[in-house]
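K.L.:
Pasting a structure here, questions to come.
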Amino acid sequence: MFKSLVLAAGTVGFMAIGSAMASAETLADAMISAYKNSNLLEQNRATLRAADENVAQAVAALRPVVQWTADYGWSKSEGVSSSTGREVTTEGSSASTALSASITLFDFGRNRLTVSSQKEAVLATRETLRSIEQQVLLATVQAYSDVKSAQEQVSINQNSVRVLQEELNATNDRFDVGEVTRTDVSLAEAQLASAKASLVSAQGSLVTAREDYKAATGHYPGQLAPLPKAPNLPKSRDEAASTAQRNHPSIKSLQHSVTISEIAIQSAKANKLPEVTGSLSLSNDEGGYVGQSASIGLSQTLYSGGALDSAYRQAVANRDSARAELRQEAVDVAQAVLSSYSSIDVYRAQIRSYDEQIRAANVAYDGVKEEATLGARTTLDVLDAEQDLLDARASRITAEADLQVAYYQLLSNMGLLTVENLKLGIPTYDPAAYYNVVHNAPLTSIRGEKLDRVLKAIGQK
């Protein structure tokens with residue numbers, strides 16, 4: 001009967017643990033929350049939509065500008081007639097309406113170069129958004145690891161306080177029977193006080209970690225699942241570096257910036273060339289007078305005090321600067337990738353060493369404690385052994401958390417730390433959806449309906 005009760009209790013306990021684990025928040029859950037709730041992501045999505053509208057405005061500059069005007073005037077004058085000598089009052093009014101249209105007929109490609117430049121700016125801004133997404137997800141990984149680490153640090157410090165309290169009690173008992181001195185009791189009391197201080201510090205770190213977690217995900221952590229296994233990582237340093245050079249958002253953004261600077265040089269050249277414009281107008285004055293006009297104009301700046309030449313030289317300098325920045329970014333990204341790769345190896349080696357240290361320290365602690373009961377060891381020996389074991393366990397917890405962050409830091413340095421690449425299984429923001437609707441500067445109601453659907457899909461209506 002007793003055995004049945006024990007088995008039943010064990011089964012219930014196992015089911016409770018399994019249920020708690022099933023409901024625990026995972027790292028993937030935390031990253032999903034961060035992606036959905038990040039104000040930083042929302043800000044940069046809006047920045048991207050603003051860049052999309054720059055393309056629409058550049059396209060609009062290729063089209064005619066149609067304007068209408070309406071004027072109404074009233075006047076009254078009073079005076080003395082020179083011929084009759086009488087006071088004369090004159091009063092009148094006038095009204096007119098006009099419709100005019102103007103267009104740039106030929107500008108040697110200046111407006112089209114502007115369109116191309118704005119399109120490149122959109123692509124660069126998309127890469128910036130991807131970089132921000134990586135920052136948000138990496139911050140979440142850091143926050144999750146910090147909370148798990150802080151929780152475990154609190155746990156081992158609580159256990160240390162409990163063990164040292166028992167050690168102090170035992171030392172007091174031994175002091176009462178004359179086996180140890182007052183010095184041994186004081187050593188135990190000092191070690192217990194130190195452990196309590198460490199516990200308070202660990203609890204404070206946990207409070208800070210919880211606040212960081214809330215800032216990253218939008219909510220405080222509940223029960224967190226254990227740190228997951230390593231994500232898919234490159235097989236070699238060379239593979240990691242090669243992937244980063246092809247895919248890192250900072251590099252791709254600067255590549256678009258270089259293209260923009262090259263377009264700027266072409267625009268500076270085109271600004272020295274003529275421009276052909278055309279205009280049409282139709283006016284209707286009070287009294288039925290109708291006027292029509294058409295004109296075509298050719299203009300070119302012959303002298304600007306050196307401003308146009310200076311603008312060209314400036315564009316060349318900006319291109320050279322952008323190219324140099326791109327080359328340096330490639331160096332920085334490669335360095336970051338190799339550093340992250342090495343950090344993973346270091347943390348793994350540290351964990352193996354800490355595992356061995358914990359095993360040895362645990363054996364040593366048990367042995368010293370047993371020898372102390374036989375009078376072969378002092379209370380100080382026991383306390384030192386317990387502290388060595390505590391330090392080893394704390395160091396392993398920190399290394400485990402650092403390793404977890406290093407995994408995702410490597411993915412970030414490769415440009416792969418995104419919701420899509422991590423396969424988190426949630427709908428993601430489509431950076432092209434808004435652009436596809438507005439880049440041609442639409443006016444029709446059909447396009448308006450499409451835009452409404454896009455805005456609703458991204459939560460803006």
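K.L.:
In segment 246-254, is there at least one residue being loosely packed, with under 15 Cβ neighbours inside 10 Å, within 30 Å of Glu329 (Cα to Cα) and not β-branched (Val, Ile, Thr)? Before you say what the answer is, go through the steps one by one.
P.N.:
Kept after step one, since they are loosely packed, with under 15 Cβ neighbours inside 10 Å, are these residues of segment 246-254: 246.
Within this subset, residues satisfying the condition of being within 30 Å of Glu329 (Cα to Cα) are 246.
This time we only want the ones that are not β-branched (Val, Ile, Thr), so: 246.
Yes, the conditions are met somewhere in segment 246-254.
K.L.:
Please go through segment 203-225 and pick out each residue that is in a loop (DSSP other than H, G, I, E, B) and in contact with a Ser or Thr (Cβ under 9 Å, 6 or more places away or on another chain).
P.N.:
Narrowing segment 203-225 to residues in a loop (DSSP other than H, G, I, E, B): 218-223, 225.
Scanning segment 203-225 gives Gly218, His219, Gly222, Gln223, Ala225.
K.L.:
Identify, from the list Thr125, Thr183, Thr104, Thr140, the residue that is hydroxyl-bearing (Ser, Thr, Tyr) and either touching a His at 6+ places or on another chain (Cβ under 6 Å) or outside any helix (DSSP H, G or I) (or both).
P.N.:
Exactly one of Thr125, Thr183, Thr104, Thr140 is hydroxyl-bearing (Ser, Thr, Tyr) and either touching a His at 6+ places or on another chain (Cβ under 6 Å) or outside any helix (DSSP H, G or I) (or both), namely Thr104.
K.L.:
What is the residue count in segment 146-175 for residues that are small (Gly, Ala, Ser) and either closer than 28 Å to Glu370 by Cβ or in contact with a strand residue (DSSP E or B) (Cβ under 6 Å, 6 or more places away or on another chain) (or both)?
P.N.:
Going through segment 146-175, the residues small (Gly, Ala, Ser) turn out to be 149-150, 155, 160, 170.
So of that shortlist, the ones also either closer than 28 Å to Glu370 by Cβ or in contact with a strand residue (DSSP E or B) (Cβ under 6 Å, 6 or more places away or on another chain) (or both) come out as 155, 160, 170.
Counting residues in segment 146-175 that are small (Gly, Ala, Ser) and either closer than 28 Å to Glu370 by Cβ or in contact with a strand residue (DSSP E or B) (Cβ under 6 Å, 6 or more places away or on another chain) (or both) gives 3.
K.L.:
Yes or no: segment 280-298 includes at least one residue that is among the charged types (D, E, K, R) and either over 30 Å from Gln266 (Cα atoms) or within 23 Å of the chain's Cα centre (by Cα) (or both).
P.N.:
Looking through segment 280-298, at least one residue is among the charged types (D, E, K, R) and either over 30 Å from Gln266 (Cα atoms) or within 23 Å of the chain's Cα centre (by Cα) (or both).
K.L.:
Looking at segment 331-340, which of its residues are among the small types (Gly, Ala, Ser) and crowded, with 17+ Cβ neighbours inside 10 Å? So that I can check it myself, show each step before the final result.
P.N.:
From segment 331-340, those among the small types (Gly, Ala, Ser) are 334, 336, 339-340; that's our starting set.
Within segment 331-340, Ala334, Ala336, Ser340 qualify.
K.L.:
What's the total number of residues in segment 203-250 that are among the small types (Gly, Ala, Ser) and under 20 Å from the mean Cα position of the chain (by Cα)?
P.N.:
6
K.L.:
Out of Glu325, Glu286, which single residue is surrounded by 12 or more Cβ atoms within 10 Å (Cβ to Cβ) and at pLDDT 95 or above? Walk me through it before giving the result.
P.N.:
Working: Glu286 fails: at pLDDT 95 or above.
Of the residues listed, the single one that is surrounded by 12 or more Cβ atoms within 10 Å (Cβ to Cβ) and at pLDDT 95 or above is Glu325.
K.L.:
Here's a follow-up. Take the residues of segment 306-324 that are over 36 Å from the mean Cα position of the chain (by Cα) and free of Cβ contacts under 8 Å to residues at least 24 places away in the same chain: which is farthest from Ser250 (Cα to Cα)?
P.N.:
It comes out as Gly306.
K.L.:
When segment 413-427 is examined, which residues are found to be surrounded by fewer than 23 Cβ atoms within 10 Å (Cβ to Cβ) and either in contact with a Phe, Trp or Tyr (Cβ under 8 Å, 6 or more places away or on another chain) or within 20 Å of Ser33 (Cβ to Cβ) (or both)?
P.N.:
Thr418, Val419, Glu420, Asn421, Leu422, Lys423, Leu424, Gly425, Ile426, Pro427
K.L.:
Continuing with this model, one more query. Report, by residue number, each residue of segment 37-55 that is of a type in the set (A, V, I, L, M), more than 12 Å from the chain's Cα centre (by Cα), closer than 19 Å to Pro427 by Cα and surrounded by 14 or more Cβ atoms within 10 Å (Cβ to Cβ).
P.N.:
Leu48
K.L.:
Looking at Ala264, Ala294, Ala270, which is the one that is loosely packed, with under 15 Cβ neighbours inside 10 Å and of a type in the set (A, V, I, L, M, F, W, C)?
P.N.:
Result of the check over Ala264, Ala294, Ala270: Ala294.
K.L.:
Right, Ala324: small (Gly, Ala, Ser), more than 13 Å from Ile265 (Cβ to Cβ) and outside any loop (DSSP other than H, G, I, E, B) or not?
P.N.:
Yes, satisfied.
K.L.:
Kindly establish whether Leu48 is on the phi < 0 side of the Ramachandran plot, modelled with pLDDT of 95 or more and out of contact with any Phe, Trp or Tyr (no Cβ under 9 Å at 6 or more places or on another chain).
P.N.:
no
K.L.:
Quick one: how many residues across segment 306-363 are among the basic types (Lys, Arg) and touching a helix residue (DSSP H, G or I) at 6+ places or on another chain (Cβ under 8 Å)?
P.N.:
The initial filter retains those residues of segment 306-363 that are among the basic types (Lys, Arg), namely 313, 319, 323, 327, 348, 352, 359.
Filter once more, keeping what is touching a helix residue (DSSP H, G or I) at 6+ places or on another chain (Cβ under 8 Å): 319, 323, 348.
Of the residues in that region, 3 qualify.
K.L.:
If you check every pair at least six apart or on different chains, which have Cβ atoms under 7 Å apart with a residue in segment 170-181 that is closer than 16 Å to Leu383 by Cα first and a residue that is among the hydroxyl-bearing types (Ser, Thr, Tyr) and surrounded by 17 or more Cβ atoms within 10 Å (Cβ to Cβ) second?
P.N.:
Thr171/Thr379; Val180/Thr171; Val180/Thr379
K.L.:
If I filter segment 226-239 for residues that are crowded, with 21+ Cβ neighbours inside 10 Å, within 30 Å of Tyr341 (Cα to Cα) and in contact (Cβ under 8 Å) with a residue 24 or more places away in the chain, do I get at least one hit?
P.N.:
If we filter segment 226-239 for residues that are crowded, with 21+ Cβ neighbours inside 10 Å, which is where we start, we get none.
There is no residue in segment 226-239 that is crowded, with 21+ Cβ neighbours inside 10 Å, within 30 Å of Tyr341 (Cα to Cα) and in contact (Cβ under 8 Å) with a residue 24 or more places away in the chain.
K.L.:
Considering segment 126-156 alone, what residues qualify as being surrounded by fewer than 22 Cβ atoms within 10 Å (Cβ to Cβ), polar (S, T, N, Q) and farther than 22 Å from Gln409 by Cα?
P.N.:
Selection gives Gln151, Ser155.
K.L.:
Quick one: Asp184 ticks every box in (1) in contact (Cβ under 8 Å) with a residue 40 or more places away in the chain; (2) within 20 Å of Ala392 (Cα to Cα); (3) over 43 Å from the mean Cα position of the chain (by Cα) bar one, so which box is it?
P.N.:
Going through the list (1) in contact (Cβ under 8 Å) with a residue 40 or more places away in the chain; (2) within 20 Å of Ala392 (Cα to Cα); (3) over 43 Å from the mean Cα position of the chain (by Cα), Asp184 breaks only (2).
K.L.:
Filter segment 162-180 down to residues that are crowded, with 17+ Cβ neighbours inside 10 Å and closer than 14 Å to Ser194 by Cβ, then give me how many there are.
P.N.:
4
K.L.:
Do we find a residue being touching a helix residue (DSSP H, G or I) at 6+ places or on another chain (Cβ under 7 Å) and either outside any strand (DSSP E or B) or over 23 Å from Leu443 (Cβ atoms) (or both) anywhere in segment 72-82?
P.N.:
Checked segment 72-82: no residue is touching a helix residue (DSSP H, G or I) at 6+ places or on another chain (Cβ under 7 Å) and either outside any strand (DSSP E or B) or over 23 Å from Leu443 (Cβ atoms) (or both).
K.L.:
Counting only residues that are assigned to a loop (DSSP other than H, G, I, E, B) and of a type outside the set (D, E, K, R), which one in segment 34-71 is nearest to His219 (Cα to Cα)?
P.N.:
Ser38
K.L.:
From the list Ile263, Ile296, which one is of a type in the set (A, V, I, L, M) and under 30 Å from Asp71 (Cβ atoms)? Outline the logic, then answer.
P.N.:
Values: Ile263 fails: under 30 Å from Asp71 (Cβ atoms).
Residue meeting the stated conditions: Ile296.
K.L.:
For segment 251-268, indicate whether the set of residues that are among the charged types (D, E, K, R) and closer than 30 Å to Gly73 by Cα is non-empty.
P.N.:
no
The values are calculated or read from the model by the stated rules, or taken from the named source; none is laboratory data. Only a predicted model underlies this, so the values are computations on that prediction, with no experimental measurement involved. With ideal geometry, Cβ positions are generated from the backbone for all residues, glycine too; neighbour counts draw on all protein chains shown.
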